[in-house]
Amino acid sequence: MSPFFFFIQLLNAIQYALILYLVASGLTLLLGVMGVINLAHGAFYMVGAYLAFAVVQQFASFWLALPIGLVLGLLLGAALERFLLSRLEGADHLSQVLLSFGLILLINEGQRVIFGNDPHGIETPGVLAFSMPLSETFAYPAYRLFVCAIGVLFVATLWLVMAKTRIGMMLRASAENRDIARAMGVDANIAYVGVTAVGIACAVLAGVIAAPIASVYPGMGDQVLILSFVVIVLGGIGSLSGALAGSLLLGLVDSFGKQFLPNYAAFLVYAAMIAVLIVRPQGLVRGGGA
Amino acid sequence: MNAQLERIDRNVLVVCAVAAATVPFVLTGYEIKFATTITIQAGFAVAVGFVVGPGGLTSLGHASFYGLAAYLLALTAPQSSPANLVSTALLSIAGAAMLAAVVGAISIRSRGLYFILMTLAFGQLGYHFFNDAGIAGNSDGAYVNFRPELILPWGAMSFDSAANFYWLVYATVCGIVGICWWLRHAAFGSILVGARNNEERTRAFGYSAYRIRLVAFVVSGAMAGAMGYLTAAQHGFVAPQLLAWHASAIVLVMVLIGGKETTSGPIIGAVLLLLAEEVLQRITEHWLVGVGLIIVAVVLVAPNGIVPYAARWLRIGREQHV
């Protein structure tokens, strides 16, 4: 195996991991801070991908999809918390599971009503539609490097916000112990709306960014949802650094697994998750803080 | 569960059983087949409801027990003659129970969210096993060419007619409901609920919460297996979708919209959801929108499920009359 081939697989793994992290970090924030299991998180990822498709169709510009996706994601998230999740306060996890499963059906079918059943491809945006030569025979698409860059930027921003700001402190406190954080003056309503808005926006943006790489097709959120859950379990519920570790692990298993054991890559992912849970029933990194 | 809810629960079960017994007499052809599907799903939902409600174990992986049993029939049935009902059914149920024992033994160590996600991971493992590993036609699925028949001393009893097969399903589901009702109201059920409500107190009484949960999980997995077997026999076809997490989620939806604290809730949930599907499918191609709206509406209006909601509503009505 040539070092360049290895390097390309590594880049693929990182790029895959970062997109996954974008989805999983939102999911784990919702879980950690609010205790909400959002099965519809993958569906919001799909919303982002179809948004990118629609924007490219309408305005012939991929870049426009990023700000639109951000705003749409924030609005959808805020509405989800305000009108639906907040009504389930005090109910057990099961109501949320049920509610978000209902949302999956609504979003998936809404997508079919608007866009139909055909898969679509999105062209790589013009500026980045070239490949970076690595050697005489190997090249790497610039767009994928751009995805890596965005991902790294996102990881850094999220870390800064969570570790260095007052808001981050409140969220970490809520993830650690919701009731005590509340008693200490964390305004749960604002924190919940904020976390849901940001969490959903992350998923939508991940979908926008992934659209030129993965094709856009009905039900595409399902796979991502399940993998994000695997990431969260690997990392420990509510732990952002754990989710990052989990994403990278999954990225490596996926990208190298597909090369060496193409039939069993999917199998390996779940086997890894079960193995981790057998050894550490509460996740790799201790749940709780960020 | 209070005495009033329990009484209503029992009454609903009796009404369901009587109504279901009239099916072969009042319905014909396609309608009987549809009633068979509903009855099988209702039995599956009751089995899942038993671990989700009294057990407090939210499983998102029960479709793997259901699907494994279906596949076991497809793999063991002879190509050109009907399989023996008793032996293949026992094999399928035993297989499902064994898988449930393994999955349960590992998963029940995790609690809450981790348990849900653990069962989800096992479910996905099962799905990918039949989808990718080259057994029984991968994603294309496999056929059960002949419906199994019951070998009796005086000859074979065939279930090829829709009515005969319906009676087989009806009897099996009645058995499952009976077992669940009995377990819920026996000491076993009390300990199970006790372990859910207060694990330490249960331990102080000298019971192992782990062991009692595991037994409940295996019983439920075996019953899910029986339903999977009947599904394979009904359609003569199995595919990896039987084991997909969507299947586990849908049956959980049936349990929750009906009411997980009751035995009749999952039945009502299954009947309502499948009837709604059938009606909506005739009206619009995008019937899933309707199903989604129903689910969201039920969560918001009756978070504990329809049966407890109806019970409370009836009680208020009665009090006003007095």
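The values are calculated or read from the model by the stated rules, or taken from the named source; none is laboratory data. Note that the coordinates shown come from a computational prediction; the quantities given were computed from them, not determined experimentally. Quick reminder, even Gly has a Cβ in these numbers, built from the backbone with ideal geometry, and neighbours come from all protein chains shown.
Does B:Leu150 fit the bill of being within 14 Å of chain A (Cβ to nearest Cβ), modelled with pLDDT under 90 and either touching a Phe, Trp or Tyr at 6+ places or on another chain (Cβ under 9 Å) or buried (at least 18 other Cβ atoms within 10 Å of the Cβ) (or both)?
no
Restricting to the stretch B:191-202, give me the number of residues that are surrounded by fewer than 14 Cβ atoms within 10 Å (Cβ to Cβ), assigned to a helix (DSSP H, G or I) and not acidic (Asp, Glu).
Of the residues in the stretch B:191-202, 2 are surrounded by fewer than 14 Cβ atoms within 10 Å (Cβ to Cβ), assigned to a helix (DSSP H, G or I) and not acidic (Asp, Glu).
Each row is one residue, and each column tells you yes or no for (1) surrounded by 22 or more Cβ atoms within 10 Å (Cβ to Cβ); (2) at pLDDT 80 or above; (3) within 12 Å of chain B (Cβ to nearest Cβ); (4) in a loop (DSSP other than H, G, I, E, B).
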position: A:Ser241; (1), (2), (3), (4): no, yes, no, no
position: A:Leu250; (1), (2), (3), (4): yes, yes, no, no
position: A:Asp254; (1), (2), (3), (4): no, yes, no, no
position: A:Pro262; (1), (2), (3), (4): no, no, yes, yes
position: A:Ala272; (1), (2), (3), (4): no, no, yes, no
position: A:Leu277; (1), (2), (3), (4): yes, no, yes, no
position: A:Gly283; (1), (2), (3), (4): yes, no, yes, yes
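Taking A:Gln223 and the conditions (1) at pLDDT 85 or above; (2) surrounded by fewer than 24 Cβ atoms within 10 Å (Cβ to Cβ); (3) in a helix (DSSP H, G or I), which numbered condition does it fall short on, given that it satisfies the others?
Only one criterion in (1) at pLDDT 85 or above; (2) surrounded by fewer than 24 Cβ atoms within 10 Å (Cβ to Cβ); (3) in a helix (DSSP H, G or I) is unmet by A:Gln223, namely (1).
Considering the stretch B:1-13 alone, what residues qualify as being of a type in the set (Val, Ile, Thr) and within 17 Å of B:Ala270 (Cβ to Cβ)?
B:Val12, the sole residue that qualifies.
Can you name every residue in the stretch A:201-243 that is in contact with a strand residue (DSSP E or B) (Cβ under 7 Å, 6 or more places away or on another chain) and either of a type outside the set (A, V, I, L, M) or more than 16 Å from A:Val47 (Cβ to Cβ) (or both)?
A:Ser215
How many of the residues making up the stretch A:159-180 are under 16 Å from A:Ile237 (Cβ atoms) and surrounded by fewer than 16 Cβ atoms within 10 Å (Cβ to Cβ)?
Qualifying residue count, the stretch A:159-180: 1.
Look through A:Ala191, A:Ala201, A:Ala183 and report the one residue that is surrounded by 15 or more Cβ atoms within 10 Å (Cβ to Cβ), more than 23 Å from A:Val55 (Cβ to Cβ) and of a type in the set (Gly, Ala, Ser).
A:Ala191
Since A:Leu39 meets every condition but one in (1) assigned to a helix (DSSP H, G or I); (2) within 13 Å of chain B (Cβ to nearest Cβ); (3) touching a residue at least 24 places away in the same chain (Cβ under 8 Å); (4) not polar (S, T, N, Q), which condition does it not meet?
Among (1) assigned to a helix (DSSP H, G or I); (2) within 13 Å of chain B (Cβ to nearest Cβ); (3) touching a residue at least 24 places away in the same chain (Cβ under 8 Å); (4) not polar (S, T, N, Q), A:Leu39 violates only (1).
Provide a single number: the residues in the stretch A:132-179 that are within 18 Å of A:Ala214 (Cβ to Cβ) and either in a loop (DSSP other than H, G, I, E, B) or charged (D, E, K, R) (or both).
Adding up the residues that qualify gives 1.
Here are some residues: B:Tyr210, B:Tyr166. Which one is out of contact with any strand residue (DSSP E or B) (no Cβ under 8 Å at 6 or more places or on another chain), assigned to a helix (DSSP H, G or I) and within 14 Å of another protein chain (Cβ to nearest Cβ)?
Step by step, each of B:Tyr210, B:Tyr166 is checked, and only B:Tyr210 is out of contact with any strand residue (DSSP E or B) (no Cβ under 8 Å at 6 or more places or on another chain), assigned to a helix (DSSP H, G or I) and within 14 Å of another protein chain (Cβ to nearest Cβ).
From the residues in the stretch B:82-115 that are farther than 30 Å from B:Arg147 by Cβ, buried (at least 20 other Cβ atoms within 10 Å of the Cβ) and touching a Phe, Trp or Tyr at 6+ places or on another chain (Cβ under 9 Å), which one is farthest from the other protein chains (Cβ to nearest Cβ)?
Only one residue tops the list, namely B:Gly104.
Out of curiosity, is A:Glu109 among the acidic types (Asp, Glu), closer than 30 Å to A:Val193 by Cα and facing chain B (nearest Cβ under 9 Å)?
Here the answer is yes, as A:Glu109 does meet what is asked.
Return yes when A:Tyr21 is touching a Phe, Trp or Tyr at 6+ places or on another chain (Cβ under 9 Å), aromatic (Phe, Trp, Tyr) and surrounded by 15 or more Cβ atoms within 10 Å (Cβ to Cβ) and no when it is not.
For A:Tyr21, the condition - touching a Phe, Trp or Tyr at 6+ places or on another chain (Cβ under 9 Å), aromatic (Phe, Trp, Tyr) and surrounded by 15 or more Cβ atoms within 10 Å (Cβ to Cβ) - is met.
Given the conditions (1) at pLDDT below 85; (2) buried (at least 24 other Cβ atoms within 10 Å of the Cβ); (3) touching a Leu at 6+ places or on another chain (Cβ under 7 Å), report the number of the one that A:Gly32 does not fulfil.
(3)
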